[in-house]
Amino acid sequence: MGKQGFLISVDEARRKVLDRALPLPPTAMALEDALGHVLAEEISATTDMPPFDASAMDGFALRSEDTKRAGAETPVSLSVQGVIRAGDASALALARSAAIRIMTGAVVPPLADAVVEKEAVEEHDGRILLRAPVPPANHIRRRGSDVPCGRRLLAPGHVLDAPSLFLAAASGRSRLTVGRRPRVSMIVTGDELVPFSETPGAAQIRDVNSPLIGAFLREMGIDPEPGSVVRDSADDLAVVLGRSIRQSEVVILSGGVSAGDYDVVREVLKRVGAQELFAGVSQKPGKPMTFAVADSKLIFGLPGNPIAVLVCLYEYVRPAVQRMMGFPEGNWFLQESPARITESITKKAGRTHFLRACVEQSENGLVAEILEGQESYQVSNLARANAWVVLDADLRAVTKGSLVRAHLLPGARLRSIAVEAGKLRGRDMGRLHPAGGEIA
Ligand code: AMP
Ligand code: MG
């Protein structure tokens, strides 16, 4: 509901938000703290990897040529000259017709060109007996054979997970330049709210948006600034909003953006000098969502309804924050997958609908069960919802079995479902419509 009741489309709203969500300047941090951040520099190998010719086995280093004539009936005997352990820097020179006991990861001595594993030899009285030749290069990890010095290992934009941090550590990096996480403040508004840990009095309700927004932010590795709960008072809100804008790059408000007499958010945005970019999106839930900027700070005015908050957080706030943190475009949005719906549904044309759904894996792709209770005050289906199905604004009906777009929540784990013989239920749609279909 803009001033004139004008609603912009979901796509336009997303574009306006993302246009303002510019990547923050990168920052340097200890490798141990960089998990989940986005790399903002290139990382190249500073040494050959492996750094020296190393044994891949516990066994014996030898000259393969000395073993050439070894056979089952004509064993070759070599004297054992000494031992090289992993970490030993001393390089024993290998004598003719000799072998050196060597451990996995130890430096292969000069003149040795192969390693035989200890299980393949017989050992008596300081000698080993071989009954087969050992080919050159056997069980030797060649210096630089995996990565030569200077080769690029990680490119900017790489999202740092355990394997990539191990690569960075292997190239000797203790500090990394990464995208910075924005400081985020949250403000919930409403005279009816009490902290969720308290028992509401008559006509009061628990504030669940604070823990919801907090958890959403922590999922992205962001520790929010301490949250504020503000009464429906323009004066109170102006103070808190002004402070939040000063101390953070993103402010998330909930409640008070509709057209009610006590919905003060838009008035206060104006008062603190923020520029409103839209107020009202043709979507359900979340129609009154408002977005404003103050300098380069982003201000999301989300409706109070927790289901609307949930959808707006994942559809708008998350893409913006991911972009600010330097994530590549492919990581901004929830994963979108086509899925077949298990029941026919109808809707009014006009608004994009986000319907809470349970998406599962069948042999013929994903199936989406639209869960009961889609009104925005109904929350009982949240325990089963792992996605929402997005139905475009102009759509009026979708028939059972046709493909729709599902947006999977970040933690979604898709259960595999098997079709029981002779028992086709709605959720077995993949079987009924095995061929492709149009995305609704
Ligand atoms: P509003 O957008 O302020 O009109 O609020 C819409 C609905 O969401 C009302 O039913 C509010 O009571 C409810 N609501 C607002 N804020 C919260 C909150 N923090 N936690 C739970 N429900 C809320
Ligand atoms: Mg309110």
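The charge dipole of the chain, taken about the Cα centre with unit charges on the Cβ atoms of Lys, Arg (+1) and Asp, Glu (-1), comes to about 620 debye, rounded to the nearest 20.
Within a straight-line Cα-Cα reach of under 17 Å, Lys270 can be paired with the following aspartates and glutamates, leaving aside sequence neighbours fewer than 8 residues apart in one chain: Asp232, Asp235, Asp236, Asp261, Asp295.
Normalised per residue, the accessible area of the range 1-143 is 54 Å², obtained with a 1.4 Å probe and no contribution from ligands, DNA or RNA.
Ignoring ligands, DNA and RNA, what percent of the 1.4 Å accessible area of the range 174-326 is carbon and sulfur?
Values: 2860 of 5880 Å².
The value for the range 174-326 is 49 percent carbon and sulfur by accessible area.
When the Gaussian network model of the chain links Cα atoms closer than 10 Å, the mean-square fluctuations of Ala168, Ala86, Ala393 top out at Ala86. Using a Gaussian network model on the chain with a 10 Å cutoff between Cα atoms, which of Asn305, Asn364, Asn138 fluctuates the most? Of the options given, Asn138 has the highest mean-square fluctuation. How big is the C-alpha Rg of the chain next to the rule-of-thumb value 2.2 N^0.38 Å, as a ratio? Relative to the rule-of-thumb radius for its length, the chain sits at 1.42.
Counting other Cβ atoms within 10 Å of each Cβ, which chymotrypsin sites (Phe, Trp or Tyr not before Pro) in the range 316-425 have at most 14 and sit in a DSSP loop? Numbers along the way, then the final one.
Values: sites: Tyr316, Trp332, Phe333, Phe354, Tyr377, Trp388; in loops: Trp332, Phe333, Tyr377.
Here the sparse-neighbourhood loop sites are Tyr377.
DSSP bridge analysis restricted to the chain gives an antiparallel fraction near 65%, rounded to the nearest 5.
The values are calculated or read from the model by the stated rules, or taken from the named source; none is laboratory data. What you are looking at is a predicted structure, and each value in this text was computed from that prediction instead of being measured. FYI the Cβ positions are ideal-geometry reconstructions off the backbone, even for glycines, and counts take in every protein chain you see. Please note that ligands, DNA and RNA were not included when accessible areas were found on the heavy atoms of the full protein model with its side chains. Shrake-Rupley method; radii C 1.70, N 1.55, O 1.52, S 1.80 Å.
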